[in-house]
Amino acid sequence: FIKNMITGTSQADCAILIIAAGTGEFEAGISKDGQTREHALLAYTLGVKQLIVAINKMDTTKWSEDRFKEIVKEVSNFIKKVGFNPKTVAFVPISGFNGDNMIEPSPNCPWYKGWDKETKEGGKSSGKTLLEAIDSIDRPERPSSKPLRLPLQDVYKIGGIGTVPVGRVETGTIKPG
């Protein structure tokens, strides 16, 4: 998991931390050697400065508002120690299995009024769903007037197509032809 996580994270502008709300699952992930803790720390260390926290499996807690608030409080304390600002993070209760709060607001958690977060320009952003949280991330500055800089992540040889380099444009522009 870690190798793939590092590869993807090194190219990311935002991380989505998926946290299981189930009893024991959250506690295991956030424990001293837990994967949730490790992934949040790696994301920040690799330069990801924007974070969304999706609290999954809320259906297994019968959409408990208390459980959601408990997880938000613990995760906020932890990510603050890592370096993230909890005020800039959207916390969204979801059920991936049922699709609740992924694209459309769920009727299963009437207590959930939505997320609010601070944006880079000092403004505010709000919404109810995970999709809205993704749409609200701050666009990173990538100077297009500078020379092309495209760090390569990998090179694939695809039959019938040829050699395909994969990377992210950091500065400059690139277009076909």
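None of the figures in this text is laboratory data; all of them are computed from the coordinates on show. All values reported here derive from a predicted model rather than from experimental measurement. Cβ coordinates were reconstructed from backbone atoms using ideal geometry, including for glycine residues, and neighbour counts include every protein chain displayed.
Residue order for Leu152, Leu130, Leu41, fewest other beta carbons within 10 angstrom first, comes to Leu152, Leu41, Leu130.
By counting other Cβ atoms within 10 Å of each Cβ, how are Phe97, Phe91, Phe78 ranked from fewest to most? The partial results should precede the final answer.
On the way: Phe97 11, Phe91 23, Phe78 17.
The order, fewest Cβ neighbours first, is Phe97, Phe78, Phe91.
Could you work out how much longer the chain between Asp33 and Ile161 gets when fully extended? Use 0.36 nm per residue separation minus the Cα distance between them, nm to one decimal.
Values: separation 128, 0.36 × 128 = 46.08 nm, distance 4.36 nm.
Once the chain is fully extended between Asp33 and Ile161, it gains 41.7 nm.
Extension gain, Lys124 to Leu46: 0.36 nm times the residue separation minus the Cα-Cα distance gives 25.5 nm.
Calculate, for Asn4 and Lys81, the FRET efficiency according to 1/(1 + (r/R0)^6) with r their C-beta to C-beta distance and R0 25 Å; round to the nearest 0.05.
0.50
For Lys117, Lys32, Lys57, what ranking results if the residue with the fewest other Cβ atoms within 10 Å of its Cβ goes first?
Details: Lys117 22, Lys32 5, Lys57 18.
Least crowded to most crowded, the residues run Lys32, Lys57, Lys117.
The lysines whose alpha-carbon is closer than 21 Å to the alpha-carbon of Lys128, local same-chain residues fewer than 8 away aside, are Lys57, Lys62, Lys69, Lys73, Lys87, Lys113, Lys117, Lys120. Quick check: Cα centre of the range 132-177 to Cα centre of the range 5-65, how many Å? A separation of 26 Å, based on Cα centres.
For Asp116 and Leu150, a Förster radius of 35 Å and the Cβ-Cβ distance give a FRET efficiency of 0.45, rounded to the nearest 0.05.
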